[in-house]
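Colleague: Next up is a structure, given as structure tokens.
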Amino acid sequence: MLKLYGGARSRASIVQWYLEEIQVPYEFVKLDMQAGEHLKPEYLAINPVGKVPAIVDGDFQLWESGAILLYLAEKYGKTPLSLEERAVFSQWVLFGNSTLATGIFVEANREREMPRLLNALNEIFSKQA
Ligand SMILES: N[C@@H](CCC(=O)N[C@@H](CS)C(=O)NCC(=O)O)C(=O)O
């Protein structure tokens, strides 16, 4: 069974959410990050950078939440995606992991970036059924 490595409150929840949505069975391996389990050799053998999330799917290991989402969509998605659909999927994953994350988490950017990003998102989502 696919294993998802994460901490108590970590970006592993992004992957967990998606696994639940696409109904792929998985085992959640909760690392005690306060105790530094993510920096122990056993976990560094899975992600040498020592960050969560990471997955182990059979013989395959992968880290970085965005890369994991793209992999899961390709492997477990119900219908094959066209080039354009894959591109839009990448667009949203990269937007979340870079543009939006920088706007939220980099304090110096927050005031300038968040209103315009949230306004744009409101606009986009209000047009969707
Ligand atoms: N860009 C990475 C960020 C990973 C990341 O920073 N994870 C945090 C938890 S949310 C972590 O492992 N922190 C532990 C540390 O830096 O020692 C991703 O999206 O997977």
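Colleague: Pull up the range 16-64, narrow it to residues that are farther than 19 Å from Asn97 by Cβ and acidic (Asp, Glu), then point me to the one that is farthest from the ligand (Cβ to nearest atom).
Modeller: Out of the qualifying residues, it is Asp59.
Colleague: Glu85: within 15 Å of the chain's Cα centre (by Cα) and at pLDDT below 95, yes or no? Walk me through it before giving the result.
Modeller: On the way: within 15 Å of the chain's Cα centre (by Cα): no; at pLDDT below 95: yes.
The answer is no for Glu85.
Colleague: Would you confirm whether or not the range 29-42 contains a residue that is touching a Lys or Arg at 6+ places or on another chain (Cβ under 6 Å) and in a strand (DSSP E or B)? Show your work before the answer.
Modeller: Going through the range 29-42, the residues touching a Lys or Arg at 6+ places or on another chain (Cβ under 6 Å) turn out to be 29.
If we keep only those that are in a strand (DSSP E or B) too, we end up with 29.
The answer is yes, given that some residue of the range 29-42 is touching a Lys or Arg at 6+ places or on another chain (Cβ under 6 Å) and in a strand (DSSP E or B).
Colleague: Could you give me the residue pairs with C-beta distances under 6 Å whose first residue belongs to the range 5-17 and is open to solvent by 80 Å² or more (accessible area, probe 1.4 Å), whose second residue is near the ligand (Cβ under 10 Å from one of its atoms) and in a loop (DSSP other than H, G, I, E, B) wherever it lies, and which are 6+ apart or on separate chains?
Modeller: Close Cβ pairs satisfying both conditions: Arg11/Pro53.
Colleague: When you go through (1) of a type in the set (D, E, K, R); (2) surrounded by fewer than 10 Cβ atoms within 10 Å (Cβ to Cβ); (3) more than 19 Å from Leu2 (Cβ to Cβ) one by one for Arg116, which number turns out not to apply?
Modeller: (2)
Colleague: A further question follows. Being under 23 Å from Tyr5 (Cα atoms) and more than 16 Å from the ligand (Cβ to nearest atom) is the filter here, so list the residues in the range 65-88 that pass it.
Modeller: Filtering the range 65-88 down to residues under 23 Å from Tyr5 (Cα atoms) leaves 65-77.
Glu74, Lys75, Tyr76, Gly77 - these are the residues of the range 65-88 that are under 23 Å from Tyr5 (Cα atoms) and more than 16 Å from the ligand (Cβ to nearest atom).
The values are calculated or read from the model by the stated rules, or taken from the named source; none is laboratory data. This is a predicted model, so every value here is computed, not measured. FYI the Cβ positions are ideal-geometry reconstructions off the backbone, even for glycines, and counts take in every protein chain you see. Each accessible area value is taken on the protein alone, full model and side chains, heavy atoms only, with ligands, DNA and RNA left out. Shrake-Rupley method; radii C 1.70, N 1.55, O 1.52, S 1.80 Å.
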